[in-house]
Amino acid sequence: MQKSFSFNKEILITGGTSGLGLELVKIFLSKGFFVVATGRQLLNLPGYEDRFKLYRIDFSDLKQTMSSLRNICEAHDLSYVVNNAGILSPPDFTSTNDGFEYTFQVNFLSQLLVNEIILQNLTHSKPIKIAAITSPVYKLSKIRLSDHQSKKGYRPLKAYSDSKLFLALMCRYLSAKYQDLNLSCFSFDPGVFSSGISRMQHNWFRKMYGIAAPYMRKPERVAAILAELLISYDICNGAIYNIRKKARHISVTEPSVYDLFWKDIYDKINTYLK
């Protein structure tokens, strides 16, 4: 259902220096927003110095993520957040310095930390919209009470699909947890599109990806659809929206497993939320 409304125009876009994130940055700047972006690389946007701020954050470092987000919350009055930062899982098991599997932390755990810090600093009456970029492969995964620090049974596709399911579940969970806030929280499945997400892959994979990319959906088109959802739609909380702006909900068949999953997740990040 389309709806016309206007919030204070400040937006945070994680992973905003390349690919879909960069296209989102350009769109929201063109619409008059003040854009806050996170990224690992430098980004200069001549002509927008007064409405663009980049924070260089490595989401494989939870302490740095926490510190930077607290600084962002002090300096900016956010009304929109896009959890876009992410990687394709590395071919071999890779651990962060925090002790977590790399994909699990960068694609999901750090994004949850970002949202929690923002929501805990939010004025109750202030409306905020949060979107998380999931993927069609979330359908290949399920909620697991597994040790994401273990090398045993590591498979790149499993690690990636798990992280994308967890992002979608995050939107469902935060919507329920923060019902007292004026929060709209949803995930967005963009389908297959060209991006720079393959940075941790082997050279042969990056070359093959480069050949296929011109035949994929363009990131600027995906960004335009997501921007429309954020700005102009009355969102169903916790839903997953696709490229056609249609919503679906994830059903939880084992509520006890779901609850234990989130208890385990918050045990991992509570140190950074105090």
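Among the residues that make up region 201-211, is at least one of them basic (K, R), outside any loop (DSSP other than H, G, I, E, B) and either within 22 Å of I87 (Cβ to Cβ) or at pLDDT below 60 (or both)? Walk me through it before giving the result.
From region 201-211, those basic (K, R) are 206-207; that's our starting set.
If we keep only those that are outside any loop (DSSP other than H, G, I, E, B) as well, we get 206-207.
Within this subset, residues satisfying the condition of being either within 22 Å of I87 (Cβ to Cβ) or at pLDDT below 60 (or both) are 206-207.
Within region 201-211 (the criterion being basic (K, R), outside any loop (DSSP other than H, G, I, E, B) and either within 22 Å of I87 (Cβ to Cβ) or at pLDDT below 60 (or both)), the answer is yes, since at least one residue qualifies.
Determine which member of the set S110, S67, S60 is small (G, A, S), out of contact with any His (no Cβ under 7 Å at 6 or more places or on another chain), surrounded by fewer than 23 Cβ atoms within 10 Å (Cβ to Cβ) and outside any loop (DSSP other than H, G, I, E, B).
Values: S110 fails: surrounded by fewer than 23 Cβ atoms within 10 Å (Cβ to Cβ); S60 fails: outside any loop (DSSP other than H, G, I, E, B).
The unique qualifying residue is S67.
I'm trying to understand the selection: among the residues of region 37-50, which are within 20 Å of I118 (Cα to Cα) and touching a helix residue (DSSP H, G or I) at 6+ places or on another chain (Cβ under 6 Å)?
Scanning region 37-50 gives a single hit, A37.
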Only one of (1) in a helix (DSSP H, G or I); (2) surrounded by 14 or more Cβ atoms within 10 Å (Cβ to Cβ) fails for P90. Which number is that?
(1)
(1) surrounded by 19 or more Cβ atoms within 10 Å (Cβ to Cβ); (2) in contact with a Pro (Cβ under 8 Å, 6 or more places away or on another chain); (3) not in a helix (DSSP H, G or I) all hold for F186 apart from (2)
Of the criteria (1) at pLDDT below 95; (2) in contact with a Cys (Cβ under 8 Å, 6 or more places away or on another chain); (3) surrounded by 16 or more Cβ atoms within 10 Å (Cβ to Cβ), which one G238 fails
(1)
What are the residues in region 108-155 that are within 24 Å of I225 (Cβ to Cβ), touching a strand residue (DSSP E or B) at 6+ places or on another chain (Cβ under 9 Å) and of a type in the set (S, T, N, Q), if any?
Q111, N115, T134
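Among the residues of region 240-274, count how many are farther than 29 Å from S68 by Cβ and in a loop (DSSP other than H, G, I, E, B). Break it down stepwise before answering.
Taking region 240-274 first, the residues farther than 29 Å from S68 by Cβ are 242-260.
Now drop any that are not in a loop (DSSP other than H, G, I, E, B), which leaves 242-246, 249-254.
The number of residues fulfilling the criteria is 11.
Check I117, I143, I133 and return the single one that is over 21 Å from L181 (Cβ atoms), surrounded by fewer than 22 Cβ atoms within 10 Å (Cβ to Cβ) and touching a residue at least 60 places away in the same chain (Cβ under 8 Å). I'd like the intermediate steps shown before the answer.
Details: I117 fails: over 21 Å from L181 (Cβ atoms); I133 fails: surrounded by fewer than 22 Cβ atoms within 10 Å (Cβ to Cβ).
Just one listed residue meets the conditions, I143.
Out of K177, K158, K126, K142, which single residue is of a type in the set (D, E, K, R) and at pLDDT 95 or above?
Working: K158 fails: at pLDDT 95 or above; K126 fails: at pLDDT 95 or above; K142 fails: at pLDDT 95 or above.
Exactly one residue qualifies, and that residue is K177.
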Can you list residue pairs whose Cβ atoms sit under 6 Å apart, with the first residue in region 244-257 being in contact (Cβ under 8 Å) with a residue 40 or more places away in the chain and the second being β-branched (V, I, T)? Count only pairs 6 or more apart in sequence or on different chains.
V257/I143
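The values are calculated or read from the model by the stated rules, or taken from the named source; none is laboratory data. Note that the structure is predicted; figures quoted are calculated from it, not measured. Virtual Cβ from ideal backbone geometry, glycine too; neighbours counted across all protein chains shown.
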